[in-house]
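Below is one structure, written out as C-alpha cells; the observations come after it.
What follows is calculated from the coordinates using simple rules that are stated; it is not laboratory data. As the structure is a computational prediction, the values presented were derived from the model and not from experiment. Every residue, glycine as well, gets a Cβ built from its backbone with ideal geometry; the counts of neighbours run over all protein chains shown.
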Amino acid sequence: MTLGVSESQSPEGDLPADHLAETAEAKQIEGRSLGQIAWARLRKDKIAIISAIVILLIIAVAIFAPLIVKLNGFPPDQFNRLDADGNPLLNTRDGGIPIGGLWGSGTSSEHWLGVEPQNGRDVFSRLVYGTRVSLLVALGGTVIAVILGTVIGMVSGYFGGWVDTLLSRLMDIMLSFPTLLFIMALTPVIAERGQDLFGIPDDNKLRLGVLMFVLGFFGWAYLARIVRGQTLSLREREFVEAARSLGASPAYVIFRQILPNLLPTLLVYTTLLIPNYITAEAALSFLGVGIKEPTASWGRMIADASDWIESNPLYLFFPGMALFITVLAFNLLGDSVRDALDPRAGRS
Amino acid sequence: MGRYVIRRLLQTVVILVVISAITFFLFWATPANPALLICGKNCNTETVAQVNATYGFDDPLIVQYGTYMQGLVSPGGRTIGSEGSERECAWPCFGESYQNGIPVWDSIADSFPATLWLAVGAAVLWLFFGVMLGLVAALRRGKLIDKLSVGIALFGVSFPTLVFGYLLLYLFIVKLQWLPFPDTANAALFTVGPVPWLQFYILPWMTLALVYAALYTRLTRANMIDTMNEDYIRTARAKGLDERTVVFKHGLRSALTPIVTIFGLDLGGLLGGAVITEQIFSITGLGKFAIDSVLSNDLPAIMGVVLFAAIFVVVANIVVDVLYAIIDPRVRLS
C-alpha cells in the first residue's frame, strides 16, 4: 500500500479530480488504495485546502523571512527611535509607549504592525522572524518524537518477549512524567550543560536544538504505544508470515512490510503533533525558559506585551493571533487528514 | 481485586523510585559546582568547602541520592547541615531552598491550595460543558447544534491557553472592567469570602477549562455516536423504554467510561501545577512556584515540585485503572 501522494501531485494535478477518476473508471474498474481514496477526499474538502494554503503561506514566510523584512526595511533587532520624517516614535516621558497609530500601538505606513514599546523594534519584522523559531522547533521536535516513537514502538511490538516488556515499562515511565514541568525544568539545565561539557555557548542556536530535543524526547511514548499495538496485529498477518518464510530479515520485515502500513497513523499523528509543539514552544519561551532575547519568538513577544496590555493591547494581539491562526490551520488540516484516512467513513 | 490493587501499588512505587532517580541524577549530575550557586558572589575556596560540607556535595552522587530519599521515606525525616549547625528537616523532607533556606515542603504545601482550587474549579466547568455539548451534538447529529458544537470544539482545541487567557484578561478586566485585576490575597476563600474569591478564579477557570472542554466535547460526541449504534440500544428501544432512559441509563453510561479514564489523568496532571494559567493570572500555585524555582536555578525546589507532580500523575494512573474496572464490568482484573 502506498500513500499515492506523489502520483497525484504530478503535472496533471491541475486537471479536475473528477476527470482523472472518470478516465480511470472508463478503462477498467480498479481497486484504489486507501492513500488514493484519502487524497481524492482531501481535494474535495474545502477546509483542508484552505488550511493547507494557510500553512504553505506560513512556511513561505518562515523561509523568506529575510526577504520579507527587507521589503519593510526594519531588521527585527533594530531599535527605532525616529520615523522617516525625524519625529520620535516613542513617548519617552510616558515609559516609552508608541506615539500615535491604532490604539496607541504606533502602527503607520512604515511600521505596519506598530513598534515595540520602550525599544521601538518593528513588530511586523519580529513576528515574521518568530515564525521561523516556531516552525523550526515544532518540526524538529515532531521529527524526533515520530522517529523515536515509530522505531521503539515497532521494535517493541515485533520482537515481543523481554524486549517488549522492557520498552513497554519505559513507555509507562515516560508517560508518568509531568511533561511540561519536566521540559520547563530541564531546558535551562541542558542548555547550561551543553555549555559546560562541549563549550557550546548558551545562545539561541543551542536553545533551538535543546527545545527540539526535549520536546521530542518527552513526546515519543504516546505514539510508541499506538505503533506497538498496530505492529502486534500486523505481525500476525499473512503477508508478514510470507515474507518471513521467504527468509526476510527482521529489519526488512519491520521497515518494508510493517512500516508502510503504519504510514496513515504516522501521518495523522504528525499533523496533530506539530500544532502541539508550536504551542509548547510559545509557552516555554513565554515562561522565560525557551528562546531568549534578542531572537524574536511569539511566546517571548506575548510575555513582553503582557506588561503593556492596558496601554497597547495590539502589541499582544498580533503574536497571539499569529499563534492562534497557525495552530488552528494545522489542527484543521490534521482533522481533515484523519477523516480522509478513516476507512470507516463512507467511501466516495 | 485486592490483589490487583496491591500489584498496581507496587508497580507505582517502582515507577516513582525510577522517576526520582532519573530526576535526581539529571539535575544534580552537573559539572558546574552547585556550591557556587549557593554562595553566589561571596564564593571563595573556604566558603565553597563549607557549603560542600553542609550540603554533602563531597559525597558520591549515589550517597547524596540515598540521603535525599531517606528524607522522603523515613518517618523522622533527616538532618541537614554539617556538624555544629545541624537542623532537623521533618518528613517529608525535600531539602531546603538554595535561595532563601525555606524547607521546600513548606513552599509546596503553601502553594498547593491555590492550584487545587484552580484545577478543581476548571474541572467542574469543562466536565459539565464538555459532556453536555458532546451529548447534545451526538443526539442531534448533522443538525445545526451538532455543527456548532463541533466548530466550537475545534476552535477551543486550537486556542492556545496563552492567547485565550490574555484575551479574557483584556476583555473582562482591562476593557469592560467587570472584574478587578488579580490580587493574590483573593485566592484564599476563607479569609476574603466567596465574592472576591470567585472574581479571582472565574477567568483562570475559564482559561484552563477551554481546551479540555473542547476535547471532552469531541470525545463524548464520538463515543455517544458509537454507543447509540450498538445493538443493545436498539434492544432497549424495542423493549419500549422511553428515550430518556435509553439515552441516559443505557447510552451515556457506557459512553462516559473512557471519559472517566481521561478525566482522572488530566486532573492528576493539573494538580502538579497549571503553569501558564497561573503565570497569566498571578496565582501563586505550584506552577508559579515551579517556574520561579527554575528561573532562579533553585535545584532542591525544582526537584521537589517535579517529584510532587509526578506523584499525582502516577497516583491518578492507578486510581483510574481501578475505577475503570469498577465501572466497566467487561474489564476483568487479573
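By other beta-carbon atoms within 10 Å, ranking B:Thr191, A:Thr179, B:Thr220 with the fewest at the front produces B:Thr191, A:Thr179, B:Thr220.
Annotation: extensible slack from B:Glu88 through B:Lys143 equals 13.2 nm (criterion: 0.36 nm per residue apart, minus Cα-Cα distance).
Summed over all non-identical Cα pairs, the Kirkwood treatment of region A:218-294 gives a radius of 15.0 Å. Divided by 2.2 N^0.38 Å, where N counts the residues, the Cα radius of gyration of region B:160-227 comes to 1.43.
At a threshold of 8 angstrom on Cα-Cα distance, excluding pairs fewer than six apart, so keeping six or more, what relative contact order does chain B reach in percent? Worked out over chain B, it gives 22 percent. Taking a cut-off of 28 Å between Cα atoms, list the lysines near A:Lys205, but don't count ones fewer than 8 places away on the same chain. Straight-distance partners of A:Lys205: A:Lys70, A:Lys292, B:Lys288. Between A:Ile325 and A:Arg43, the FRET efficiency from the beta-carbon distance, with R0 = 25 Å, is close to 0.65.
The ranking of B:Lys288, A:Lys44 from fewest to most other beta carbons within 10 Å of each one's beta carbon is A:Lys44, B:Lys288. A protection proxy built from the mean count of other Cβ atoms within 10 Å ranks the segments A:142-148, A:181-187, most packed first, as A:181-187, A:142-148. Within chain B, the percentage of alpha carbon pairs spaced more than 37 angstrom apart rounds to 35%. Computed from phi, the 3J(HN,Hα) profile of region A:129-135 under the Karplus parametrisation 6.51, -1.76, 1.60 (θ = phi - 60°) reads 5, x, 4, 4, 4, 4, 5 Hz, with x in place of Gly and Pro.
Remark: the A:Trp162-A:Ser249 segment gains 29.3 nm on full extension, using 0.36 nm per residue and subtracting the alpha carbon distance. Let me know the shape class of region A:154-230, please: from the alpha-carbon gyration tensor, a ≥ b ≥ c as square roots of the eigenvalues, rounded when a/c is under 1.5, otherwise prolate if a/b is greater than b/c, or oblate. The shape class here is prolate. Each residue of region B:296-305 is assigned a 3J(HN,Hα), and the resulting list reads 9, 6, 8, 3, x, 5, 4, 4, x, 6 Hz, derived from the Karplus form 6.51 cos²θ - 1.76 cosθ + 1.60 (θ = phi - 60°), x at Gly and Pro. The distance between label points at A:Leu67 and B:Leu171 comes to 3.9 nm (points 7 Å beyond Cα on the Cα→Cβ vector). Zone of B:Val13 (label point 7 Å along Cα→Cβ, backbone N under 15 Å): which residues in region B:257-277? Counting backbone N atoms under 15 Å from the label point, the list is empty. A simple charge model with +1 on the Cβ of Lys and Arg, -1 on the Cβ of Asp and Glu and nothing else charged puts the dipole of chain B at about 1980 debye relative to its Cα centre.
Each of B:Phe155, A:Phe74 was scored by other Cβ atoms within 10 Å of its Cβ. Listed from fewest to most, they are B:Phe155, A:Phe74. Computed from the Cβ-Cβ distance with R0 of 22 Å, the FRET efficiency linking B:Glu230 to A:Glu236 stands at 0.20. Contact order, relative form, for region A:173-321: 19 percent (alpha carbon pairs under 8 Å, 6 or more residues apart, mean separation divided by residue count).
Taking the empirical scaling 2.2 N^0.38 Å for compact globular proteins as reference, region B:110-175 has a Cα radius of gyration ratio of 1.41.
Structural descriptor for region B:64-161: relative contact order 13 percent, calculated from alpha carbon pairs under 8 angstrom and at least 6 residues apart. In this structure, the amide hydrogen of A:Ile97, modeled 1.01 Å from its nitrogen in the peptide plane, lies closer than 5 angstrom to those of A:Asn91, A:Gln118, counting only residues at least 5 positions away or on a different chain.
The mean number of Cβ atoms from other chains found within 10 Å of a Cβ in peptide A:184-191 is 6, as a whole number. Per-residue extension of 0.36 nm, minus the Cα-Cα distance of B:Asp59 and B:Phe128, leaves a gain of 19.5 nm for this segment.
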